[in-house]
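Coordinate-derived values only; no laboratory data. A quick note: this is a predicted structure, and the numbers were derived from the prediction, not measured. Every residue, glycine as well, gets a Cβ built from its backbone with ideal geometry; the counts of neighbours run over all protein chains shown.
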Amino acid sequence: MEPILDSTIEVRSYLGPADERTLADDVLDGLTRPLKELPPKHLYDARGSELFDAICELPEYYQTRTERLILRTQAQTIVARTSAVELVELGSGSADKTRVLLDAMEAARTLRRYVPVDVSETTVHAVAERLVEEYPGMSVHGVVGDFERHLTHLPSPLGPRLFVFLGGTIGNFPPGSRRRFLRGLRKVMGPDDHLLLGTDLVKDPRIIEAAYDDSAGVTAQFNLNVLHVLNRELGANFDVDRFEHVAFFDRKREWIEMRLRATEQQHVRVEALDLDVEFAPREELRTEISAKFTPERLRSDLAAAGLELVELYTDPNKLFTVSLSRLG
Ligand code: AVJ
């Protein structure tokens, strides 16, 4: 391992034993409901994360490349508008698109600190070590935790901060939780801080549905992988070949749903939970919702959390948007 200067990298973990039980608890809740459901976060084990990375490269999945294009085009403007010295990233992952913003902050000579917040300790460490080398003079304060619960543990600000939550991940929250999340975020933001939020836009449902049911079948594999997670982690015996991938756009709620449909009647045993589950023929298990936004919806969700929309940055085809907001 490379030597680390303690003065530039600090990583704190706020995850405890309670967090390790969440898969079991979520599965127990979700599989005993009249309409079976699993939270999308369990899609991302090592294999699921690999499959998600593959999704981001698919021709049908426009979101990743469009968001990157918007950031590339607007980074300078965003940095100039916010005067941010610090970037706080929620769900930082590999911090791929983050570099575009860090580059712009470095060029503006304002960059002082990067604060990645992620549930994966390995990811936070890896990103921290890589980025301090790439950006000399910048420090990294990693927060290993859940951005729905641990935002109160952010280090005290060095100056104006830019909070970023990219990739359209906010779409995974149902509407009430979405507002609760934004309110929680607003509570830790100060009057000099801004929020940069990536959201997918409402558009022709055929474009959205193709993005979640690609012709190479990668999204289907990604969806079905959650059953392998339950088999491995909880000693379940899902027969993965007897479930099929379903994706449809709910026009009224303006979100896409991913589901797994049992192709025939089946019985599943989840050993670790001492749980027996029946699936009727064609019964579905919901694995994800991913909300799509209109500018109006975005504005009103932000306003409900006490945030004021400053600017909406969009691509020429109006596929995706990156919004900048601040305390209202
Ligand atoms: C990572 C939640 C933004 O909703 O588009 C991709 C996950 N699901 N294909 C999305 C996902 C199916 C993705 N987010």
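Answer yes if at least one residue in region 54-64 is small (Gly, Ala, Ser) and within 16 Å of the ligand (Cβ to nearest atom), and no otherwise.
Checked against the condition, which is being small (Gly, Ala, Ser) and within 16 Å of the ligand (Cβ to nearest atom), region 54-64 yields at least one hit.
Name, by its number, the condition in (1) within 9 Å of the ligand (Cβ to nearest atom); (2) assigned to a helix (DSSP H, G or I) that does not hold for Arg186.
Tallying (1) within 9 Å of the ligand (Cβ to nearest atom); (2) assigned to a helix (DSSP H, G or I), Arg186 fails exactly one: (1).
For Leu58, indicate whether it is closer than 29 Å to Glu209 by Cβ and in a loop (DSSP other than H, G, I, E, B).
Criteria met by Leu58.
Can you pull out the residues in region 289-328 that are among the small types (Gly, Ala, Ser), part of a helix (DSSP H, G or I) and within 30 Å of His245 (Cα to Cα)?
Of everything in region 289-328, nothing turns out to be among the small types (Gly, Ala, Ser), part of a helix (DSSP H, G or I) and within 30 Å of His245 (Cα to Cα).
Return the pairs, sorted by first residue and then second, in which the second residue is polar (S, T, N, Q), the first residue lies in region 30-47 and is in contact (Cβ under 8 Å) with a residue 60 or more places away in the chain, the beta carbons are less than 6 Å apart, and the residues are 6+ apart or on different chains.
Listed pairs, sorted by first residue: Leu38/Thr287; Pro40/Asn172; Arg47/Asn225.
Hey, can you tell me all the residues within region 205-229 that are over 12 Å from Met258 (Cβ atoms), in contact with a Phe, Trp or Tyr (Cβ under 6 Å, 6 or more places away or on another chain) and surrounded by fewer than 19 Cβ atoms within 10 Å (Cβ to Cβ)?
Answer for region 205-229, where residues must be over 12 Å from Met258 (Cβ atoms), in contact with a Phe, Trp or Tyr (Cβ under 6 Å, 6 or more places away or on another chain) and surrounded by fewer than 19 Cβ atoms within 10 Å (Cβ to Cβ): just Pro205.
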